[in-house]
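The values are calculated or read from the model by the stated rules, or taken from the named source; none is laboratory data. Because the structure is predicted, anything quoted here is derived from the model rather than measured. No Cβ is skipped: glycine too gets one built from the backbone with ideal geometry, and neighbour counts run over all protein chains shown.
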Amino acid sequence: MRKSLLLITAGIFAFNSATIAHDPPDFLAPVWQWPAGAVPVIDADLSEYDIVPDEFWIGPDDLIQSLDTGDALVHQGDPDPASWDIRFLMSWNDESNRIYYALDKFDDFETDTAGDSFELGLDADHSGGSFWAGDELEEDEMYRERARHAQSHTWYFTDDCGTAFRGPYGWSHFWMTPADWFGEPEYTDHAYEYVVGSPCNFSEVRKHIEWYQVYWDDFNWEDPDAPRHDFEVDEIFGMNPRFNDGDCSEEDTNNENCGPGTRSKWQLTPANEVFGDSDFFADFILLDVAEDFPTAVGDDSWGRVKASVAK
């Protein structure tokens, strides 16, 4: 994959096998850093991201498309940009300790179900292992262990179509936990815009989306003040995105084109074990601020830089 090759050209060579031990093997992708005072404005205007080189973006060619049969994920073949296409960026800022996401998404048929949601798991301290616990444990212990060492969110950017439960905040569903505080701006925020089409119309759309998220090394659903992970330059963490692409509305559930076996999932790895086990996450490394980043000082200057990029 092209993401791994970028690190060689950047002069990053020496990582032992214990450091890079996730899935896919030999994959290590760079994460762009924003300077202090130049972090993205969460407003769905993606023009500020034009400054980020193509090598930092993830697209369908970097992902493995699998068919969700209800019991397993089966490789489904090459991507079809006429049906579904994305450009996805993960970036960060040392001062805010936030991971910033940008997504430019095309879908030939947007549904009102969870079939068009986006899931992402991140293991901030690269500790690996399970972040899931079942009901074999007592309830208190079960919820304490879920998402403890890695967090997995499901995000919805489709307005309030249909009856799919989108979590207590209507867009961010931290489904592993009964916590009801994780969607506050202190932890996450988002914005999205329909560039083509409109929500709830079951038709072709293109959307611009951006949001940020904080992460924890030892998440405790009962403690909103628990220490968050302190991201640092050259740090490696594990991450797996799962882009869902469904082509059925709730009214079509009896249609032969709907139900189990009709929803595509796009991931960096084909491993089913990626659900609940961060040993199967892909590796990413946090880069320092680019030396040739525009020397903006203060919000006004950065605003002018963004305006010039947008022209």
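Annotations
- Taken together, Glu145, Glu193 contain a single residue that is modelled with pLDDT of 90 or more, under 20 Å from Phe243 (Cα atoms) and surrounded by fewer than 18 Cβ atoms within 10 Å (Cβ to Cβ), which is Glu193.
- Taken over the range 246-265, the residue count meeting the criterion of being closer than 28 Å to Asp61 by Cα and either modelled with pLDDT of 85 or more or not in a strand (DSSP E or B) (or both) is 10.
- Arg228 being more than 30 Å from Tyr143 (Cα to Cα), at pLDDT 95 or above and basic (Lys, Arg): no
- Among the residues of the range 159-181, some residue qualifies, meaning at least one is touching an Asp or Glu at 6+ places or on another chain (Cβ under 7 Å), hydroxyl-bearing (Ser, Thr, Tyr) and assigned to a loop (DSSP other than H, G, I, E, B).
- Checked against (1) closer than 18 Å to Ile86 by Cα; (2) not in a loop (DSSP other than H, G, I, E, B); (3) not aromatic (Phe, Trp, Tyr), Gly238 passes all but condition (1).
- Selected residue (criterion: surrounded by the most Cβ atoms within 10 Å (Cβ to Cβ)) from residues of the range 171-188 that are within 17 Å of the chain's Cα centre (by Cα) and farther than 25 Å from Glu139 by Cβ: Thr188
- For Glu141, the conditions (1) in a helix (DSSP H, G or I); (2) within 16 Å of the chain's Cα centre (by Cα) are fulfilled apart from (2).
Residues are listed down the side, and each one gets a yes or a no for (1) under 16 Å from Met90 (Cα atoms); (2) in contact (Cβ under 8 Å) with a residue 24 or more places away in the chain; (3) out of contact with any Lys or Arg (no Cβ under 8 Å at 6 or more places or on another chain):
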position	(1), (2), (3)
Arg166	no, no, yes
Trp171	no, no, yes
Asn201	no, yes, yes
Pro227	no, no, yes
Asn240	yes, yes, yes
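- Near pairs, Cβ below 8 angstrom, 6+ apart or cross-chain, from the range 122-134 (on the phi < 0 side of the Ramachandran plot) to any residue that is in a loop (DSSP other than H, G, I, E, B) and among the basic types (Lys, Arg): Phe131/Arg146; Phe131/Arg148; Trp132/Arg146; Ala133/Arg146
- Residue in the range 96-116 that is modelled with pLDDT under 90 and of a type in the set (Gly, Ala, Ser) present: yes
- Total residues in the range 203-227, condition among the aliphatic types (A, V, I, L, M) and more than 20 Å from the chain's Cα centre (by Cα): 1
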